[in-house]
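Everything on this sheet refers to the single structure shown next.
The values are calculated or read from the model by the stated rules, or taken from the named source; none is laboratory data. Nothing here was measured: the structure is a model prediction, and the numbers come from that model. Cβ: placed from backbone, ideal geometry, glycine included. Neighbour counts: every protein chain shown. Just so you know, the surface numbers come from the protein's heavy atoms only, side chains and all, with ligands and any DNA or RNA stripped out. Shrake-Rupley method; radii C 1.70, N 1.55, O 1.52, S 1.80 Å.
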Amino acid sequence: MEKERIDKLLAGAGTLSRKDVKEMVRRKRITLNGETVTDAGQKIDISSDTVCVDGTPIALKKYIYIMLHKPAGIVSASNSTSEKTVVDLVPEAFRRAGLFPAGRLDKDTTGFVLITDDGAFAHRILSPKNHIEKTYVATLQSPLGDADIVILEKGLLLRDGTQFLPASVKIISEDNKQVQIKICEGKYHQIKRMFSAVGNCVVALHRTHMGTLELDSALPQGACRELTPSELEQIAPKSS
Ligand code: URA
């Protein structure tokens, strides 16, 4: 049973401060399982209790996990004064303090971005130690040769000293210019730099999977939805 203070939960769930919640309690606007709450520090069980504000039930999840289909031209950041970010694409219903993208895609990369306020989960899925694969489809300028695949799959050491861990690479088009590549780390411009190291160039990049979870094909570019607990397991099984 997971218990949390009511003021902490409500303040974490949206745009309210703890002071706002205290004031709402004073005005008898909050109920717990139908009874008026009189103490903003009252503990509640988020898995079974029902909390209402002015009679409307409130979603009490501690953290939120959102799958976004990122379009090109959007920055993977929480906030930017000048440019539109992936967090700006999250609709009001899912907005809460502390949302950030768990792993960045370049501005011109499209595909699966996970947006959350759970720092520990983000760390777990991004740490190369946990071997959680991110799968991309890369469109290349030139056909990829077998020798290049061997180099990429062995792990690359760049001249500047950057070491890339072994990737898994599969050609998926007849002209050998479209490939599926799986990597477990997320270094700056990693896939573009990997293909550039074998004399090629990425002309388009799309992330299709995080872990074994595939980007929902029903989500058009720019749209997002919440993940279910079993989908979260598909990204990061509890043992990882
Ligand atoms: N590798 C890149 O080069 N760019 C991305 O956006 C993601 C991985």
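In summary, the aspartates and glutamates within cross-link reach of K61, defined as a Cα separation below 12 angstrom excluding same-chain residues under 8 places away, comprise E2, E4, D45, D49, D117, D118, E226. In summary, the convex hull built on the alpha carbon positions of the chain has an orientation-averaged projected area of 15.6 nm². For the residue pairs K70/K170; K134/K192; K62/K129, alpha carbon separations beyond 20 Å are given by K70/K170; K62/K129. With the simple spin-label model, which puts each label point 7 Å out from Cα in the Cβ direction, the S78 to L157 separation comes to 3.7 nm. Comparing mean-square fluctuations of T212, T38, T116 from a GNM of the chain with C-alpha springs under 10 Å, the top value falls on T38. Comparing mean-square fluctuations of P143, P166, P229 from a GNM of the chain with C-alpha springs under 10 Å, the top value falls on P229. Remark: the K19-A93 segment gains 24.4 nm on full extension, using 0.36 nm per residue and subtracting the alpha carbon distance. Computed with a 1.4 Å probe on the full set of protein chains, the accessible area for L157 sits at about 110 Å².
In a simple Cβ point-charge model (Lys, Arg +1; Asp, Glu -1; nothing else charged), the chain has a dipole of about 700 debye relative to its Cα centre.
Taking every protein chain into account, the 1.4 Å probe leaves T228 with about 60 Å² of accessible area, to the nearest ten. The residues of the chain expose, per residue, 53 Å² of accessible area to a 1.4 Å probe. Across the range 133-210, Cα pairs under 8 Å and at least six residues apart give a relative contact order of 47 percent.
The length gained on full extension between S239 and T50, counted as 0.36 nm times the residue separation minus their Cα-Cα distance, comes to 64.9 nm. The distance from the alpha carbon centre of the range 45-124 to that of the range 159-217 is 25 Å, rounded to a whole number. For the range 133-210, the carbon plus sulfur part of the accessible surface works out to 51%, probe radius 1.4 Å.
Histogrammed with a bin width of 5 Å, the alpha carbon distances of the range 133-210 distribute as 3, 17, 32, 28, 16, 4, 0 percent, first bin at zero.
Length, then width, then depth: along the principal axes, the Cα atoms of the range 71-128 run 29, 26, 18 Å.
Per-peptide packing, taken as the mean over residues of other Cβ atoms within 10 Å, places 89-98, 67-76 in the sequence 67-76, 89-98 from highest down.
Under 10 °C and 1.306 mPa s, how fast does the range 4-57 diffuse according to Stokes-Einstein, given a Kirkwood radius computed over C-alpha pairs? Answer in µm²/s, whole number.
Translational D for this selection: 148 µm²/s.
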